[in-house]
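Chemist: Below you'll find the structure I mean.
The values are calculated or read from the model by the stated rules, or taken from the named source; none is laboratory data. Model, not experiment: these values are computed from the prediction. Cβ coordinates were reconstructed from backbone atoms using ideal geometry, including for glycine residues, and neighbour counts include every protein chain displayed. The accessibility values were calculated without ligands, DNA or RNA, using every heavy atom of the protein model including side chains. Shrake-Rupley method; radii C 1.70, N 1.55, O 1.52, S 1.80 Å.
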Amino acid sequence: MPARKITMRKIKEILRLTLDAKLPYEQIAASLQLSKGVISKYVKLASTAGLDWPAIAAMDEGALERQLLGPARSPVVYAPPDYGQVHVELRGKGVTLMLLWEEYCGQWAEDGEVKPYRYSQFCESYRRFARTLKRSMRQVHRAGDKLFIDYAGPTIALSGGGKANIFVAAMGASGYAFAWATPAQTTADWLEGCCRALGFYGGVPQLIVPDNPRAVIAQASRYEPRATDTVLDFAVHYGCSILPARAYHPQDKAKAESTVQIVERWIMARLRHQAFHTVHEVNAAMAPLLEHLNNKPFQKLPGSRASVFAAIDAPALMALPLEAFELAIFKTVKVHIDYHVEFEGHRYSVPHALVGQTLELRVTRNALEILNRGQRVASHARNSRRGGFTTTDEHMPENHRAHAQWSPDRLIAWGEQIGVATARTVRHLLERQRHPEHAYRACLGLLSLSRRYSAARLEAACLIALQLGTSKYSHIKDILVNRGDQLQKAEAPEWTSPQHAHVRGPGYYQ
C-alpha cells in the first residue's frame, strides 16, 4: 500500500515545530504521526534552500512547495520489512538487528524498483513496532513540556435544569491543577478551557495532551488520531502542538486521570450541598478550593503543587501570545461563477480570477477570511442576512465594476450635464420603476445615444418627447432616427405642439 501523501500544510507545520518551536524530532513525529526520517528530510530541504522560519511563514503553500521540492519526481518505493518475524528471530541466541538487516537487504538487492531501508531507519521502525507490544510504559515528564486536559465524569447540577461540566488541566512535571466549569463539552468549551488554563499558568507548554473527544479530534483512531482544523488553528496561535492520547489508553494521560479524581474529591464533593443558578457561580465557588488544593502539601514529597510549579514548570513555559485566541471554524467552499462564495446563506466576493477554484473559509465571530492554499485572498465582516451579497469593487471584472458604479444620483447628474430635458427624462425613467435599478439600462441607453447623435440633438429629442408626454427610451430613439432634420428646429412652435403626434398615430407617445 503506498504511503499517504503529506500535505503542504503538514510540511509547513513540521518546519514551524522544528525551526520556530525547537521541538525534538521524537515529539514532532508523535504529534504529527510521521517518522523522524520524514521530519529530517524536510528540515534538510529547507536548509538546502536557505529558508528560515520567518521566510517560510511569509510564503503561501505553492511557493513553499516550489522552493522545497522543485519539479515533481517519482517517489522512491521502499520494501516493508516483516517486523513480526524480526521480533521472533531476535529471540534466538546470537541474532542481532544488524544480521537481520543484512538478510533483509539481500532479499531486495536484485529488485531495482524497490529499495530496502537503511540500517538506522530499519532499527527505528522496529523499535516503534516493539513499543506497541509493551503493556505499559513509565512516563517521565520534563519541566514545562506537557499539559494534560480532560473533563470530569460527574457534573454539577444547576437550578435552571442545566449542568456545569468541569474542565480539568494538569501540568506534567508539577501536577499543578486547574479546573473550570463550562455549560457543555463542545469545541468552543474545550478551547475556552484551554485558553483559561494557559492564562492561569501564565505560559504555554510544548504539548497539550487531550483524550479523543469528537469535539477536538476529527478522526479518532487507535494509532493516528487527527485533530480538527479549529484545534490546529488554536495550536498555531499559541505556538504549541496537540498530541492526543491513544484511544482506549488512559495510561497515556495518567496525570489528567489522577487530577480529575483529585478535583472530584477535593472540589466537587465539597460543593455537593450548594445550589447554583449559573456556571459563573460554580466557577466563583471553585476558585478558593482550587487554590487550597494547589497549596496543599504533598504527603511524601517536600513542597506543594504550587511551589513545584513555580520552581520547575513556570520558568520553562513559553510566553503567551499578545492577542487572545479567537475561535474560528473552517469550511471548504467553491467559488461560484459570480465570483462569490456562500456561508450560511450569505455570499461574499473573492477576486474574479479565482472562479471555479476550491478555497477555504476561516470564520470567526465577526469576520470571514478566504484562504487559497493558506494565503488570504479576501476578508469581509460577517453578515447574517440570508440571500444577501457582500461585494468588494476590487474583486469585480473591469466591466462589472464600471456598471456597479452607476447610481440614480450619478445618472441624474449625467443628464444635467447634457441639458434640463435630458435630466427630466432620466428622473421620469427612474421614478416610473418600482426599483430604480430596473431603469438603469434605459438610462445607460440614453448615454449611448449622446455618443452617437451628439448631446445637443439628444437634448432636443428629450424636449420633444416630454412635450409629447413620453419618456421611453424607444420613443426618444425613434425621434432621433426619423426626425433628424427637424431636430435642428426643435425650438420652433410646430414641434412643441401635441397636434403633431399624428406622425406615428394617435396615442403613440402616450
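Chemist: For residues that are of a type in the set (Ser, Thr, Tyr) and assigned to a strand (DSSP E or B), tally how many sit in region 260-306.
Modeler: Looking only at that region, the number is 1.
Chemist: Of (1) surrounded by 13 or more Cβ atoms within 10 Å (Cβ to Cβ); (2) basic (Lys, Arg); (3) more than 22 Å from GLY62 (Cβ to Cβ), ARG365 satisfies all except one. Which?
Modeler: Status for ARG365: all satisfied but (1).
Chemist: With (1) closer than 27 Å to LYS22 by Cβ; (2) open to solvent by 50 Å² or more (accessible area, probe 1.4 Å); (3) in contact with a strand residue (DSSP E or B) (Cβ under 8 Å, 6 or more places away or on another chain) as the list, and TYR201 as the residue in question, which single condition is left unmet?
Modeler: Here TYR201 meets the rest and fails (2).
Chemist: Here's something else I'd like to know. Let me spell it out: the conditions are (1) surrounded by 12 or more Cβ atoms within 10 Å (Cβ to Cβ); (2) assigned to a helix (DSSP H, G or I), and PRO315 meets all of them except one. Which number is the exception?
Modeler: Of (1) surrounded by 12 or more Cβ atoms within 10 Å (Cβ to Cβ); (2) assigned to a helix (DSSP H, G or I), only one is false for PRO315: (1).
Chemist: Would you please name the residue that is farthest from SER174 (Cα to Cα), looking only at residues in region 263-280 that are crowded, with 18+ Cβ neighbours inside 10 Å and either among the acidic types (Asp, Glu) or in contact with a helix residue (DSSP H, G or I) (Cβ under 7 Å, 6 or more places away or on another chain) (or both)?
Modeler: That would be PHE276.
Chemist: What tally of residues in region 12-28 results from selecting those that are of a type outside the set (A, V, I, L, M), open to solvent by less than 40 Å² (accessible area, probe 1.4 Å) and more than 22 Å from the chain's Cα centre (by Cα)?
Modeler: Counting residues in region 12-28 that are of a type outside the set (A, V, I, L, M), open to solvent by less than 40 Å² (accessible area, probe 1.4 Å) and more than 22 Å from the chain's Cα centre (by Cα) gives 2.
Chemist: Go through region 2-32 residue by residue and tally those that are more than 14 Å from LEU207 (Cα to Cα), touching a residue at least 60 places away in the same chain (Cβ under 8 Å) and among the polar types (S, T, N, Q).
Modeler: Looking only at that region, the number is 0.
Chemist: Modelled with pLDDT of 70 or more, aliphatic (A, V, I, L, M) and open to solvent by 50 Å² or more (accessible area, probe 1.4 Å): does that describe ALA49?
Modeler: no
Chemist: For region 349-360, how many residues are within 22 Å of ILE11 (Cα to Cα) and modelled with pLDDT of 85 or more?
Modeler: Total satisfying the criteria: 2.
Chemist: Now, a different point. Report yes if SER471 is assigned to a loop (DSSP other than H, G, I, E, B), out of contact with any strand residue (DSSP E or B) (no Cβ under 9 Å at 6 or more places or on another chain) and modelled with pLDDT under 85, otherwise no.
Modeler: Answer is yes for this residue.
For (1) on the phi > 0 side of the Ramachandran plot; (2) touching a helix residue (DSSP H, G or I) at 6+ places or on another chain (Cβ under 7 Å); (3) modelled with pLDDT of 85 or more, each residue gets a yes or a no:
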{"residue": "LEU99", "(1), (2), (3)": "no, no, no"}
{"residue": "GLN107", "(1), (2), (3)": "no, no, no"}
{"residue": "CYS123", "(1), (2), (3)": "no, yes, yes"}
{"residue": "ARG131", "(1), (2), (3)": "no, no, no"}
{"residue": "ALA143", "(1), (2), (3)": "no, yes, no"}
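Chemist: Only one residue in ALA173, ALA181, ALA164 is over 17 Å from SER241 (Cα atoms) and part of a loop (DSSP other than H, G, I, E, B). Which one?
Modeler: ALA173
Chemist: I've got another one for you. Name the residues in region 420-478 that are of a type in the set (Ser, Thr, Tyr) and in contact (Cβ under 8 Å) with a residue 24 or more places away in the chain, would you?
Modeler: Hits for region 420-478 are THR422, THR425, TYR440, SER450, TYR453, THR470, SER471, TYR473.
Chemist: Same structure again: Could you identify the single residue in PHE325, PHE309, PHE330 that is touching a helix residue (DSSP H, G or I) at 6+ places or on another chain (Cβ under 8 Å), surrounded by 13 or more Cβ atoms within 10 Å (Cβ to Cβ) and part of a strand (DSSP E or B)?
Modeler: The unique qualifying residue is PHE330.
Yes/no per residue for (1) assigned to a loop (DSSP other than H, G, I, E, B); (2) under 15 Å from the mean Cα position of the chain (by Cα); (3) on the phi > 0 side of the Ramachandran plot:
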site: GLY356; (1), (2), (3): yes, no, yes
site: ARG362; (1), (2), (3): no, yes, no
site: LEU368; (1), (2), (3): no, yes, no
site: HIS380; (1), (2), (3): no, yes, no
site: SER384; (1), (2), (3): yes, no, no
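Chemist: Quick one: in region 76-87, of everything that is part of a helix (DSSP H, G or I) and open to solvent by less than 80 Å² (accessible area, probe 1.4 Å), which residue is modelled with the highest pLDDT?
Modeler: In this case the residue turns out to be TYR83.
Chemist: Could you list, ordered by first residue, the pairs with Cβ atoms under 9 Å in which the first is in region 327-341 and more than 16 Å from THR230 (Cα to Cα) and without any contact (Cβ under 8 Å) to a residue 40 or more places away in the chain and the second is among the small types (Gly, Ala, Ser) and in a loop (DSSP other than H, G, I, E, B), at least 6 apart or interchain?
Modeler: LYS334/GLY356; VAL335/GLY356; HIS336/GLY356; ILE337/GLY356
Chemist: Considering only region 275-326, how many residues are touching a residue at least 40 places away in the same chain (Cβ under 8 Å) and in contact with a Pro (Cβ under 7 Å, 6 or more places away or on another chain)?
Modeler: Number satisfying all stated conditions: 2.
Chemist: If a residue must be buried (at least 17 other Cβ atoms within 10 Å of the Cβ), part of a helix (DSSP H, G or I) and hydrophobic (A, V, I, L, M, F, W, C), how many such residues does region 343-354 contain?
Modeler: Number satisfying all stated conditions: 1.
Chemist: Which residue is farthest from TYR473 (Cα to Cα), if the candidates are limited to region 432-462 and must be open to solvent by 70 Å² or more (accessible area, probe 1.4 Å) and more than 46 Å from the chain's Cα centre (by Cα)?
Modeler: Among residues in region 432-462 that are open to solvent by 70 Å² or more (accessible area, probe 1.4 Å) and more than 46 Å from the chain's Cα centre (by Cα), the one farthest from TYR473 (Cα to Cα) is ALA456.
Chemist: Six or more apart or on different chains, Cβ atoms under 6 Å: show the pairs whose first residue is in region 152-164 and at pLDDT 85 or above and whose second is surrounded by fewer than 16 Cβ atoms within 10 Å (Cβ to Cβ) and assigned to a strand (DSSP E or B).
Modeler: LYS163/ALA157
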